[in-house]
Amino acid sequence: MRKWPYLWTGLLAAALVTLIYWLPHSQSTFAEWFPKLRAPLYNRQGFAELLGSHVLLVGASSLLCILIGVGLSIFVTRPIGRDFQPLLASVSAIGQTFPPAAVLAIAVPMVGFGFMPALVALVIYGLLPIIENSIRGFKGVDSAVREAARGMGMKAGQQLWRVEMPLAFPVMLAGIRTSVLINIGTATIGSTVGAQTLGTPIIAGLVNSNPAYVIQGAAIVALLAMLTDSLFDLAERKVSAYKYADQ
């Protein structure tokens, strides 16, 4: 489907909408698939509501990851912060080695149950790919290009926003893509501390030995991740086309 990226993205979007609409009416189907279950359809909350909460959590955490990750990467690639680059790489790598459940257990006593501990965990988990790729992107800018910008009389801020950022953006975007996809999957565990996500039916299914609930939640998460990945693929194609058209 790489030849028809718009068609593939449209099909994924249509599949996600269809699944959200069909699930509340799928009682008989799941009863047939799982005849031993007394309640084969998760109906404590609407799937559309859970999808909205999940997207909100992932969106908020990803925005914070971008702001923090790109900001720190800019700092450590300037002369004033270059000495902190190894420390930043080490801290962000250590943050991602912590199990998500442990991060939630530490965050709950500080910020309580619900949305906030899940947000903290996702920000910690999503930072590494953005920091790594942003630093790589800035370091990949040819020094001759920087010299040319300086020769044209550009100040440091102008060089950053008008020269370095556009050149580093394709690499940076790949890191953002990885970070967002990680967060879509990791957000499901936020339901263990009271956050409303698509992990709620999955956790309920695991606790009550109800595989139908797990399938219902996991199917939406998988389609959401595939659709998001496809949208990032379109964005990267646009950026590449603009880059080559500009050369």
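Hey, in the GNM for the chain with a 10 angstrom Cα cutoff, which one of 149, 168, 48 fluctuates hardest?
Per the Cα network of the chain with a 10 Å cutoff, 149 tops the list.
Answer with one residue from 114, 231, 13: the one whose Cα lies farthest towards the positive end of the charge dipole of the chain, charges on Cβ with Lys, Arg +1 and Asp, Glu -1.
Projecting each Cα onto the dipole axis, the largest value belongs to 231.
Quick one: angle between helix 100-111 and the longest Cα principal axis of the chain, in degrees between 0 and 90, rounded to 10, please.
90 degrees
Rank these residues by their accessible area, most exposed first, probe 1.4 Å: 172, 154. Intermediate values should be presented prior to the final figure.
On the way: 172 5, 154 35 Å².
From most exposed to least exposed: 154, 172.
Tell me which of 178, 123, 209 sits at the most positive position along the dipole axis of the chain, charges placed on C-beta atoms (Lys, Arg +1; Asp, Glu -1).
With unit charges placed on the Cβ atoms, the residue in question is 178.
Between the alpha-carbon centers of the stretch 194-222 and the stretch 134-173, tell me the distance in whole angstrom.
When both Cα centres are located, 45 Å separates them.
Roughly to the nearest percent, how much of the accessible area of the chain is carbon and sulfur, given a 1.4 Å probe?
Details: 9120 of 13320 Å².
Exposed carbon and sulfur together represent 68 percent of the surface.
With everything on Cα atoms, drop me the angle between helix 47-76 and the longest principal axis of the chain, reported from 0 to 90° to the nearest 10.
The helix 47-76 is inclined about 20 degrees to the chain.
To the nearest 500 deg cm²/dmol, what mean residue ellipticity at 222 nm is calculated for the chain from DSSP H runs of n ≥ 4 alone, each contributing -39,500 (n - 2.57), summed and divided by the residues?
Numbers: 11 runs with 185 residues, N = 247.
The helix contribution divided over the chain gives -25000 deg cm²/dmol.
Compute, for the chain, the length of the dipole vector about the Cα centre, with Cβ point charges of +1 (Lys, Arg) and -1 (Asp, Glu) only. Units Debye, rounded to 20.
The dipole magnitude comes to about 300 debye.
Sort 233, 142 from largest to smallest accessible area, using a 1.4 Å probe on the heavy atoms of the protein chains.
Largest accessible area first, the residues go 142, 233.
In nm, what is the difference between 0.36 nm times the number of residues separating residue 162 and residue 26 and their Cα-Cα distance?
Full-extension gain reported as 43.7 nm.
Any idea what angle helix 85-97 forms with the longest principal axis of the chain, computed on alpha-carbon atoms, 0 to 90 degrees, nearest 10?
Roughly 10 degrees between the two axes.
Once the whole set of protein chains is in place, how much accessible area is left on residue 75, using a 1.4 Å probe, in Å² to the nearest 10?
The accessible area of residue 75 comes to roughly 80 Å².
Please work out how much accessible surface residue 239 shows to a 1.4 Å probe, ignoring ligands, DNA and RNA, in Å² rounded to 10.
Its heavy atoms expose roughly 30 Å² to the probe.
Among (i) 8, 34, 39, 17, 2, 0; (ii) 7, 25, 28, 22, 11, 5, 1, 0; (iii) 7, 31, 38, 19, 4, 1, which one is P(r) over Cα pairs in 10 Å bins from 0, in percent computed from these coordinates?
Correct label, based on the coordinates given: (ii).
Mind checking the dipole of the stretch 1-142: about its Cα centre, +1 per Lys or Arg Cβ, -1 per Asp or Glu Cβ, Debye to the nearest 20?
On the way: 9 positive and 5 negative charges, 40 e Å.
In debye, rounded to 20, the stretch 1-142 gives about 200.
Once ligands and nucleic acids are excluded and a 1.4 Å probe is used, how much of residue 147 is accessible, expressed in Å² to the nearest 10?
Probe radius 1.4 Å; accessible area of residue 147 about 110 Å².
The values are calculated or read from the model by the stated rules, or taken from the named source; none is laboratory data. Note that the coordinates shown come from a computational prediction; the quantities given were computed from them, not determined experimentally. Cβ coordinates were reconstructed from backbone atoms using ideal geometry, including for glycine residues, and neighbour counts include every protein chain displayed. With ligands, DNA and RNA removed, areas are computed over all heavy atoms of the protein, side chains included. Shrake-Rupley method; radii C 1.70, N 1.55, O 1.52, S 1.80 Å.
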